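The values are calculated or read from the model by the stated rules, or taken from the named source; none is laboratory data. Being a predicted model, the structure only gives us computed values, none of them experimental. Methodologically, a virtual Cβ is constructed for each residue, glycine included, from the backbone with ideal geometry; neighbour enumeration extends over all protein chains shown.
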Amino acid sequence: MKKKSLRTFLMLVLAAIIIVPTMQSCKSKKEAQVSDDEVLIQTYCSGPEYFTNNEYFRANSIGESTDQVMSKKKALSNAKAELAGSIETTVKAVIDNYFSSHEANNVEDIREKYEGLSREVIKQELSGIKTICEKQTKTKQGTYKTYIAIELAGDEITNAMKDRLSKDTKLEIDFQYEKFKGELEKEMEDYKGGN
């Protein structure tokens, strides 16, 4: 009788060892499924830690290609375009705020020159971007996907503006670095909490 009880007990333990992991793997598959026609997907190099904040301009993107190198080039190109657009929009808002209380002669003319200068600075500074996340996957169809996130420090933009303005005597006279930097910091502060 004892032998039969021990055998039954061991069979139950063995069954539990086999069945429990199987049930858990089914459970994790169900958790990834949002509904019958939707599946929750994970996007790498994305999320709050990759959003622009009060210190860094950030952007992320995905590139897909049958060629692994080309998928990375596409992702990087898309991320750079997004980053440049974000910086340009922010700097334009800073210039508008900066000049709203500015009392120089020919304010409109100077504002246009600042905007032109800012576009040049942004193009130049994009060469200094830093990759903060990069992941590559291969799909079932045999294509490569590259997920990438990049950043550029806000200080690099303000310092580059200061350097470029110092070369233009007329613009430098009207430029107040601390005020401009303060406006940029205020604008970047608005990014806190998400993109």
| task | Would you mind finding the one in Q124, Q141 that is surrounded by fewer than 19 Cβ atoms within 10 Å (Cβ to Cβ), more than 18 Å from N60 (Cβ to Cβ) and touching a residue at least 24 places away in the same chain (Cβ under 8 Å)? | result | Q124
| said: Let me spell it out: the conditions are (1) hydrophobic (A, V, I, L, M, F, W, C); (2) touching a residue at least 60 places away in the same chain (Cβ under 8 Å); (3) under 19 Å from K186 (Cα atoms), and F99 meets all of them except one. Which number is the exception? | reply: (2)
| query | Quick one: would you say A59 is in contact with an Asp or Glu (Cβ under 6 Å, 6 or more places away or on another chain), closer than 28 Å to G182 by Cβ and not in a helix (DSSP H, G or I)? | reply | yes
| Listed residues K192, K145, K92, K123; which is of a type outside the set (A, V, I, L, M, F, W, C), modelled with pLDDT of 80 or more and outside any helix (DSSP H, G or I)? | K145
| message | Return the residues of the stretch 144-158 that are closer than 14 Å to Y56 by Cα and not acidic (D, E); say none if nothing qualifies. | response | A149, I150, L152, A153, G154, I157, T158
